[in-house]
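The values are calculated or read from the model by the stated rules, or taken from the named source; none is laboratory data. On a predicted model such as this, the values are computed, not experimentally measured, just so you know. When we count neighbours, we look across all protein chains shown, and the Cβ atoms used for this are built from the backbone with ideal geometry, even at glycine.
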Amino acid sequence: MAVFNYLSDHWVELIGFVFGIVYVVLIIREHAWGWVAGSINVMIYIVVFYQSGLYGMSLLQVFYLLVSIYGFLLWRGHLPSKNQNRIEKIRNMPVNIGWLLTLSVFAASLLAGYMLSITDSPVPRIDGLTTVLGLAATWMTARKYIENWLVWIINDLICVVIYAYLGLYLTTALYFVFLVMAVVGYVAWRKKMELQKG
């Protein structure tokens, strides 16, 4: 009965949970429609995170929405990529971009943590870190850099702990599933990348 009461009180979070799972399953399979499911998921989580005082994560959802549109258009071939109309191949991130992104994530997470510390966020520095990691990982996913899954693994692990601490149990379960799916996604994309080479 307690589970039913929890679900009836958190039905919006439950809908976000379902669309979050659909998003990752479709992205692992490289289906552009995964970005649409992701868009619905993030619109719901803008509200869930804001109501929980996770302002960085709420703001991140707005970025996810924009990147979901970008990813959908890019994967469908509606946006120009450097040498082709759509990014079809999974690839490694160039080393120079990786270093630049790492330094940017470090600096931006310090700044975001500081900015969130002047709000009533219960975990401002960690909220800032996960916000910036999510930004980087989403951009990497849209560009089909295989390393995106490694960033997601780190981010999802942190999020599982935070959301459990805050009592967002459905979101904790969702991010645990995201964590497992990120491992699955990495393995699946690695296999596809090897087949692309052969």
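Which of the residues belonging to segment 119-174 are over 21 Å from Ile97 (Cβ atoms) and basic (Lys, Arg)? Before you say what the answer is, go through the steps one by one.
Let us first name the residues in segment 119-174 that are over 21 Å from Ile97 (Cβ atoms), namely 119-128, 130, 156-174.
Correct list: Arg125 only.
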Listed by first then second residue, the pairs whose first member lies in segment 112-134 and is touching a residue at least 24 places away in the same chain (Cβ under 8 Å), whose partner is in a loop (DSSP other than H, G, I, E, B) and not polar (S, T, N, Q), with beta carbons under 7 Å and at least 6 positions apart or on separate chains, are Asp120/Gly53; Ser121/Gly53; Ser121/Leu54; Pro122/Gly53; Pro122/Leu166; Asp127/Leu54
In this structure, does Tyr169 turn out to be more than 20 Å from Ile15 (Cα to Cα), more than 12 Å from the chain's Cα centre (by Cα), at pLDDT below 95 and among the hydroxyl-bearing types (Ser, Thr, Tyr)? no
May I ask you to verify whether Ala188 is closer than 19 Å to Trp75 by Cβ and crowded, with 21+ Cβ neighbours inside 10 Å? no
Condition set in a helix (DSSP H, G or I) and not hydrophobic (A, V, I, L, M, F, W, C), scope segment 93-108, selection surrounded by the fewest Cβ atoms within 10 Å (Cβ to Cβ): answer is Asn96
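Looking at segment 1-25, which of the residues that are farther than 30 Å from Ala188 by Cβ and small (Gly, Ala, Ser) is modelled with the highest pLDDT? Spell out how you get there, then give the answer.
The initial filter retains those residues of segment 1-25 that are farther than 30 Å from Ala188 by Cβ, namely 1-12.
When the remaining residues are screened for being small (Gly, Ala, Ser), the result is 2, 8.
On the way: Ala2: 79, Ser8: 76.
In this case the residue turns out to be Ala2.
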The residue that is surrounded by the fewest Cβ atoms within 10 Å (Cβ to Cβ), considering only those in segment 48-65 that are farther than 16 Å from Met115 by Cβ and touching a residue at least 60 places away in the same chain (Cβ under 8 Å), is Ser52
So, in segment 26-47, exactly how many residues are part of a helix (DSSP H, G or I) and surrounded by fewer than 16 Cβ atoms within 10 Å (Cβ to Cβ)? 1
If you scan segment 137-146, which residues turn out to be outside any helix (DSSP H, G or I) and buried (at least 20 other Cβ atoms within 10 Å of the Cβ)? Lys144, Tyr145
Restricting segment 1-23 to residues that are farther than 23 Å from Met181 by Cα and of a type in the set (Ser, Thr, Tyr), the residue that is surrounded by the most Cβ atoms within 10 Å (Cβ to Cβ): Tyr6
Could we say that Thr102 is out of contact with any His (no Cβ under 8 Å at 6 or more places or on another chain), in contact (Cβ under 8 Å) with a residue 60 or more places away in the chain and of a type in the set (S, T, N, Q) here? no
On the given criteria, is Leu111 among the hydrophobic types (A, V, I, L, M, F, W, C), touching a Ser or Thr at 6+ places or on another chain (Cβ under 7 Å) and either more than 22 Å from Gly53 (Cα to Cα) or surrounded by fewer than 17 Cβ atoms within 10 Å (Cβ to Cβ) (or both)? no
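Looking at Gly128, Gly134, which is the one that is buried (at least 20 other Cβ atoms within 10 Å of the Cβ) and within 10 Å of the chain's Cα centre (by Cα)?
Working: Gly128 fails: within 10 Å of the chain's Cα centre (by Cα).
After ruling out the rest, the residue left standing is Gly134.
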Inside segment 137-158, the number of residues satisfying the requirement of being modelled with pLDDT under 95 and either more than 20 Å from His31 (Cα to Cα) or among the basic types (Lys, Arg) (or both) is 2
